[in-house]
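The values are calculated or read from the model by the stated rules, or taken from the named source; none is laboratory data. Predicted model only: the values in this text are computed from it and were never measured. Neighbour counts run over all protein chains shown; Cβ positions are idealised from the backbone, glycine included.
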Amino acid sequence: MRDFTLKDKRLSTISKLILLGLWVILSEIIDNEVIFPTLGSTLKSLIEIVKTPDFISIIASSLLRSLIGFLISLFLAVLTGILSSISKFFYNVMIPILNFLGSVPTMAIIILALIWLNNEIVPMFVGFIMIFPILYETVQKGILNVDKKILEICKLYKVRRITLIKDIYIPSIFINLSMVFTSALSTNLKMVIAGEALSQPKFAIGSNLQIEKMYLNTAGVFAWIIIILLISKLLSYIMKAAIDFTKVDKWM
């Protein structure tokens, strides 16, 4: 296993070096900073962005919006998922809602949010709309994965419904959620940034991406993309550490 891990790390490093090499070659061939910036100009823009006084506020604000939207999505997904499992009526009510959210284009949702909501809330709303169906379906899967024999035993011994939910359904739900947390967080962050780019809150990664685009500073856009990738990577490490710390796998 250790050999495979080391091999994977080596391959990952090699692929990153190849991408950097392609970046250098393409920037030399194109020779146009607006279309494709050089590695040097991108690093210069990155340093300038990090040195700006508002950098921490910008990152913190975007992360806070992303976290709030994600937590709201998670809470409602668990709540509605459990209600759907115990109420056929509620299950049927959720079907058209999920179909609607899955069918409407993201841009249409963002435009409606811009009309209805404050520009600080729009990014959170967009993130919520995109993540809620994923988390809801994961909760449903966790409920359906509960061993039927265990449920029969609980029924035989007349186990209270609240105990059934707390000790059987909730652990099963969070086992399934732990498998999608990282990708869901990453997707949520991307959608929040997309919402910020259009709603233009004062402190936001998306707002700064839009500003760089307006000034045709492609190196600045690339620099912000690098920052977003680093944040996503950091979030994945934090989520993995949180899952390991809470020992979700002990329920498996």
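Among (1) in contact with a Gly (Cβ under 7 Å, 6 or more places away or on another chain); (2) in a loop (DSSP other than H, G, I, E, B), there is one condition Ile110 misses while meeting the rest; what is its number?
Only one criterion in (1) in contact with a Gly (Cβ under 7 Å, 6 or more places away or on another chain); (2) in a loop (DSSP other than H, G, I, E, B) is unmet by Ile110, namely (2).
Applying the selection to region 215-226, what residues are aliphatic (A, V, I, L, M) and modelled with pLDDT under 90?
The one that is aliphatic (A, V, I, L, M) and modelled with pLDDT under 90: Leu216.
Do we find a residue being exposed (fewer than 13 other Cβ atoms within 10 Å of the Cβ), hydroxyl-bearing (Ser, Thr, Tyr) and assigned to a helix (DSSP H, G or I) anywhere in region 142-162?
No: zero hits.
Filter region 95-120 down to the residues that are of a type in the set (Phe, Trp, Tyr) and closer than 25 Å to Gly81 by Cα and list them by number.
Here is the first cut: in region 95-120, the ones of a type in the set (Phe, Trp, Tyr) are 100, 116.
Within region 95-120, Phe100 is the sole residue that qualifies.
Picking from Ser61, Ser27, Ser84, Ser45, which residue would you name as being outside the structural domain of Pro133 (by TED's automatic domain parsing) and not aliphatic (A, V, I, L, M)?
Criteria check complete, one pass: Ser27.
Give just the number: which of (1) surrounded by 10 or more Cβ atoms within 10 Å (Cβ to Cβ); (2) more than 15 Å from Gly220 (Cα to Cα); (3) at pLDDT below 85 does Phe4 not satisfy?
Only one criterion in (1) surrounded by 10 or more Cβ atoms within 10 Å (Cβ to Cβ); (2) more than 15 Å from Gly220 (Cα to Cα); (3) at pLDDT below 85 is unmet by Phe4, namely (1).
Filter region 192-202 down to residues that are of a type in the set (A, V, I, L, M, F, W, C), at pLDDT below 90 and surrounded by 24 or more Cβ atoms within 10 Å (Cβ to Cβ), then give me how many there are.
The number of residues fulfilling the criteria is 0.
Determine, yes or no, whether Leu71 is free of Cβ contacts under 8 Å to residues at least 40 places away in the same chain, in contact with a Phe, Trp or Tyr (Cβ under 8 Å, 6 or more places away or on another chain), surrounded by 11 or more Cβ atoms within 10 Å (Cβ to Cβ) and within 30 Å of Glu196 (Cα to Cα).
Values: free of Cβ contacts under 8 Å to residues at least 40 places away in the same chain: yes; in contact with a Phe, Trp or Tyr (Cβ under 8 Å, 6 or more places away or on another chain): no; surrounded by 11 or more Cβ atoms within 10 Å (Cβ to Cβ): yes; within 30 Å of Glu196 (Cα to Cα): yes.
The answer is no for Leu71.
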